[in-house]
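The values are calculated or read from the model by the stated rules, or taken from the named source; none is laboratory data. What you see is a predicted model; the values in this text were computed from it and never measured. For neighbour counting, all protein chains shown are included, and Cβ atoms are generated from backbone atoms with ideal geometry for every residue, glycine included. Note: accessible area is taken over every heavy atom of the protein model, side chains too, but ligands, DNA and RNA are not part of it. Shrake-Rupley method; radii C 1.70, N 1.55, O 1.52, S 1.80 Å.
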Amino acid sequence: MRWTKQKNLLNYLQFDNLRFTIDCIIWIFNDMNKSELQERMTVFAVRIIKMVDSLPSTISGMAVARQIIRSGTSPSANYRAACIAKSDKDFINKLKMVEEELDETSHWLDIIMRSEMVKASRIQSLYQECNELLSIIVKSIITTKNRMKTEEIEKLSK
């Protein structure tokens with residue numbers, strides 16, 4: 001699968017501290033650019049919306065639905081905001097919001113599967129996509145912070 005190879009490549013790049021140009025997100029290589037990740041985030045949000053509509057109309061189902069509809073759709077909007085960040089620090093702060101919302105969404109998807117509100121087999125791929133997006137965002141935050149540190153060291157050594 002393309003995303004698994006991508007995660008391995010990101011780990012390799014992170015550990016070797018290679019420098020490269022950021023075009024919002026670092027995945028310009030390996031066939032993913034910022035618009036493709038935006039699309040992936042949007043598709044994820046739409047899938048969350050559809051899944052929420054399939055939750056039972058019980059008290060617990062409605063309570064979980066209200067939580068996951070917010071946490072599961074906001075990463076798309078927050079990622080778009082990160083793409084127009086005014087600085088690296090702003091970029092990282094906005095990606096941290098995406099990270100938090102994806103983590104919360106992963107939690108709610110786990111609760112839904114464990115409580116059997118929806119059969120786990122029906123939302124397993126959604127849960128996996130959530131965790132893959134979370135991994136991509138975390139790697140981007142780490143890589144951007146490392147690049148900023150490297151640039152600061154180079155600036156001080158001049």
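Extension gain for Asn146-Ser57 works out to 27.4 nm (0.36 nm per residue, less the C-alpha to C-alpha distance). When only the Cβ of Lys, Arg, Asp and Glu is charged (+1, +1, -1, -1), the dipole of the range 29-123 relative to its Cα centre reaches about 220 debye. In straight-distance terms, cross-link reach from Lys145 covers every one of the lysines whose alpha-carbon lies under 27 Å from its own, apart from those fewer than eight places away in the same chain; here that gives Lys5, Lys7, Lys34, Lys86, Lys89, Lys94, Lys96, Lys155, Lys158.
Residue ranking by accessible heavy-atom surface, 1.4 Å probe, largest first, among Val98, Val138, Val52 comes out as Val138, Val52, Val98. For the range 47-133, the solvent-accessible area with a 1.4 angstrom probe is 55 square angstrom per residue.
Only sites in a loop by DSSP and with at most 14 other Cβ atoms within 10 Å count here; which GluC sites (Glu not before Pro) in the range 105-158 make the cut? Of the GluC sites (Glu not before Pro), the ones in loops of the range 105-158 whose Cβ has at most 14 other Cβ atoms within 10 Å are Glu116. For the range 47-158, carbon and sulfur atoms together expose 53% of the accessible surface, with a 1.4 angstrom probe and every protein chain in place.
Take Leu156: with every protein chain present and a 1.4 Å probe, its accessible area is about 130 Å².
Here Ser157 and Asn93 are evaluated by their C-beta separation; at R0 = 25 Å the FRET efficiency comes out at 0.40. Sorting Ser115, Ser121, Ser74 on solvent-accessible area from highest to lowest, probe radius 1.4 Å, gives Ser121, Ser115, Ser74. Heavy-atom accessible area for Met117, with the other protein chains in place and a 1.4 Å probe, reaches approximately 40 Å². Only protein heavy atoms count here; under a 1.4 Å probe, Thr58 has an accessible surface of about 60 Å². Run down the lysines and flag those whose C-alpha is under 27 Å from the C-alpha of Lys119, throwing out any fewer than 8 positions away in its chain. Partners within reach: Lys50.
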